[in-house]
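The values are calculated or read from the model by the stated rules, or taken from the named source; none is laboratory data. Note that the coordinates shown come from a computational prediction; the quantities given were computed from them, not determined experimentally. Note that we place each Cβ from the backbone using ideal geometry, even for glycine, and neighbour counts take in every protein chain shown. The accessibility values were calculated without ligands, DNA or RNA, using every heavy atom of the protein model including side chains. Shrake-Rupley method; radii C 1.70, N 1.55, O 1.52, S 1.80 Å.
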Amino acid sequence: KAGVTQTPRYLIKTRGQQVTLSCSPISGHRSVSWYQQTPGQGLQFLFEYFSETQRNKGNFPGRFSGRQFSNSRSEMNVSTLELGDSALYLCASREFDYNEQFFGPGTRLTVL
Amino acid sequence: QKEVEQNSGPLSVPEGAIASLNCTYSDRGSQSFFWYRQYSGKSPELIMSIYSNGDKEDGRFTAQLNKASQYVSLLIRDSQPSDSATYLCAVLTGGGNKLTFGTGTQLKVEL
């Protein structure tokens, strides 16, 4: 099976802009989670989607949002970008009945 | 107290030795535990999952879980230079499928 794919791989934005990141899960995986990784805070959970519904949300401001489509693909959006949003954004998918999560290659976002 | 704690390292071991990586967690109700390996500039790769007390072996890797002590460890036997990476301990928390990660232990396997 193909792994989790994320697009774009790299992105440069300026403060105040918004950005949309995309994630396609492993075929058959219906749950998608998003994480942010920074050198200072490490890996932090953003949110999880299953069947187009957000099931769990981390401690991030409302500028961070997401959605899931009927084909399980997911997008996350960050509005009004801040310098501190520069990070590696990781998507992970899992089969619903199993706990193992598999990560995509990530999107490296740089905010200038 | 952090939810998941790991020594940041670096942990240096000679090639062929056993590397021992440790992790403690605070949520006594946690039931699922994972080890991920992350090479510099890459995303985390799942290498082990463990759910029951005791040992679980997969090739050169052994995960150990002690729920009473809230302690998880990963042993890497016959360490190779290619094992040099950051190892992340992750615990499923929050009643859903939220993974809480430790800060990772950097492992260096020296020739």
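Show the residue pairs meeting these rules: Cβ distance below 9 Å; 6+ apart or different chains; first residue within segment A:1-20 and open to solvent by 80 Å² or more (accessible area, probe 1.4 Å) and at pLDDT 95 or above; second residue part of a loop (DSSP other than H, G, I, E, B) and of a type in the set (Asp, Glu).
A:Arg15/A:Glu82
If B:Lys56 satisfies every condition in (1) within 9 Å of another protein chain (Cβ to nearest Cβ); (2) without any contact (Cβ under 8 Å) to a residue 12 or more places away in the chain but one, which is the exception?
The one condition B:Lys56 does not meet is (1).
Scan segment B:78-91 for residues that are open to solvent by 20 Å² or more (accessible area, probe 1.4 Å) and in a strand (DSSP E or B) and jot them down.
Restricting attention to segment B:78-91, the residues satisfying the condition of being open to solvent by 20 Å² or more (accessible area, probe 1.4 Å) are B:78, B:80-82, B:84, B:86.
The answer is B:Thr86, and nothing else.
Identify all residues within segment B:27-39 that are at pLDDT 95 or above and either hydrophobic (A, V, I, L, M, F, W, C) or surrounded by fewer than 15 Cβ atoms within 10 Å (Cβ to Cβ) (or both); write none if there are none.
Within segment B:27-39, B:Phe33, B:Phe34, B:Trp35, B:Tyr39 qualify.
Testing A:Arg15 on (1) in a loop (DSSP other than H, G, I, E, B); (2) among the charged types (D, E, K, R); (3) touching a Lys or Arg at 6+ places or on another chain (Cβ under 7 Å), one condition comes back false. Which one is that?
(3)
Sort out which residues of segment B:83-102 are modelled with pLDDT of 95 or more and over 19 Å from B:Ala63 (Cβ atoms), and write them in order of number.
If the condition is that a residue be modelled with pLDDT of 95 or more and over 19 Å from B:Ala63 (Cβ atoms), then B:Ser84 is the only one that fits.
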